[in-house]
1. Which distance in Å, rounded to a whole number, links the C-alpha centroids of the stretch 194-263 and the stretch 110-160?
2. What residue among Gly182, Val213, Tyr166 has its Cα farthest toward the positive end of the dipole of the stretch 116-225, where the charges are +1 on Lys, Arg and -1 on Asp, Glu, each on the Cβ?
3. Expressed in nm to one decimal, what extension gain is obtained for the pair Ile44 and Ser107 from 0.36 nm per residue of sequence separation less their Cα-Cα distance?
4. Quick check on the chain: helices-only [θ] at 222 nm, where DSSP H runs of length 4 and up contribute -39,500 (n - 2.57) each and the sum goes over total residues. Nearest 500, please.
5. Taking the Cα atoms of the stretch 84-195, report the difference between the largest and smallest coordinate on each principal axis, in whole Å and largest first.
6. May I ask you to derive the relative contact order of the stretch 84-239, considering only C-alpha pairs under 8 Å and at least 6 residues apart, and to give it as an integer percent?
7. Which of (1) 27, 60, 13, 0; (2) 22, 51, 24, 3, 0; (3) 24, 52, 21, 3, 0 is the computed P(r) over Cα pairs in 20 Å bins from 0, in percent for the structure on display?
8. Of the cross-linked pairs Lys30/Lys292; Lys210/Lys346; Lys257/Lys322; Lys66/Lys406; Lys202/Lys338; Lys194/Lys338, which ones have a Cα-Cα span greater than 22 Å in the structure shown?
Amino acid sequence: MSSKKNVTSDRRKIYIILSLFILVYFFSWKATLDTYTFWLSEKIGLDSVIIGVVFSINGLCAVIIKPVYGFLIDRLGVKKHLLFFISIISMSIFPFFFYVYKPLLQSYMYAGIIAGAIFLSMGYYAGCAAAESYLDRFGRLFDLEFGQIRMWGAIGSVLSAASTGYIFNINPMINFALSSCGAILIFIIVASLKIEVSDEVKERVVGKDKATVQDIFHLFHQREFWSFVLFVCGVVWILFVAEQQYPRYFITFYHSKDVGHQMFGYLGAAGLGMEFIFMMIAPAIVNRIGPKYGLLITGFVVAARFIGSGLATTAITIGLIKLAWGIEMSFLLVSVFKYLEINFDKKVNGSMYLLGYQSVNYVGTVILSPLAGYLYEHIGFAHTYLLMGCTVLFFTLISSVTLSNKKQITQPLTTVSELG
């Protein structure tokens, strides 16, 4: 009886700490990136094509760094060294933007683009993916659902989205300062997180043997790997590339940019509230229907949102459509982690997420961002989103045939030693 109470107490402590970690991390991350496009366009003066190049180079750096982070996660097991490194990088966001990034973009644009890509990839683009991978791993050690921890990231995003548009109109550098302050708190939270479990539980989640380079290359010989990559290329690529300049399209429905900035922030908060709600319920649904169908739900919702965005004619319509973001992200993230857990060796779980999902996703950023920028300029936002939505629908239908339909087999992990 006492042992069960200890297990319950340990799970509660870990749940609270992990939830607080992801809440603050997402607040810190979003405080910078929510208005990043506005900052590049309105404060630095870059046009759509150059902004597309910025995101393309950002994506290229992320593609290089993410597999390295994934391999380190699999090698480190439950050690937190990489989380400390990411926290330290994130603390430097304000001085970097103020003293390095902005001056370089204004005087030596391409040097600034490269410097920003490396910095943002280490702290946020690759850092966020690593944080989510750790969240999934630490959660499974204590039999906690990823979605029901990750939903607190949506709350952090809500807190950021509700304020960043207003703060941007005052001074965008305040947002970057908030990011740095948040990162200091993240460092403290990570230091307080103690993961001590029995060897039996640890091996069931991270594997007894550490991942090798050969294990990573073996992934490229698996049919399941390429089926999953096809879904990422056809659906997730377009989802995130479209979001890069979606704020610029959104504010065209308002009579002034300032009003558009504020409304996008408020609507972003509402969408993240939707994400919070669906993160609570998505794990149960995905466990019941299987992660394949969770991914397909994502694809159909994404296709409907972009087609609807292309057809929208009023601010109310585009606002209601944007709320679907919360549904998309909930089913996508929950389904991805469960799909990878079921279909791939647990010792390469981190590598599979950061390589097979995150890095492949950012390859799309490198390839499609300049093309998207070109289309926005030449055929307009509405027609571009119609094209994107139809493409997502096509690849979702293909993935309904190619993805594996294995379901989650739950085995409670209750052999937990007392936390130190």
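The values are calculated or read from the model by the stated rules, or taken from the named source; none is laboratory data. None of the values given here were measured: they were computed from a predicted structure. Heads up, the Cβs are rebuilt from the backbone with ideal geometry, glycines too, and the neighbour counts pull from every protein chain shown. SASA here: full protein model, heavy atoms, side chains in, ligands and nucleic acids out. Shrake-Rupley method; radii C 1.70, N 1.55, O 1.52, S 1.80 Å.
1. 10 Å
2. Highest projection toward the positive end goes to Tyr166.
3. 21.6 nm
4. -25000 deg cm²/dmol
5. Largest to smallest, the principal-axis extents are 52, 28, 21 Å.
6. This gives 31 percent for the stretch 84-239.
7. Evaluating P(r) over Cα pairs in 20 Å bins from 0, in percent on these atoms matches (1).
8. On the way: Lys30/Lys292 29 Å; Lys210/Lys346 10 Å; Lys257/Lys322 18 Å; Lys66/Lys406 27 Å; Lys202/Lys338 18 Å; Lys194/Lys338 24 Å.
Check vs 22 Å cut-off fails for Lys30/Lys292; Lys66/Lys406; Lys194/Lys338.
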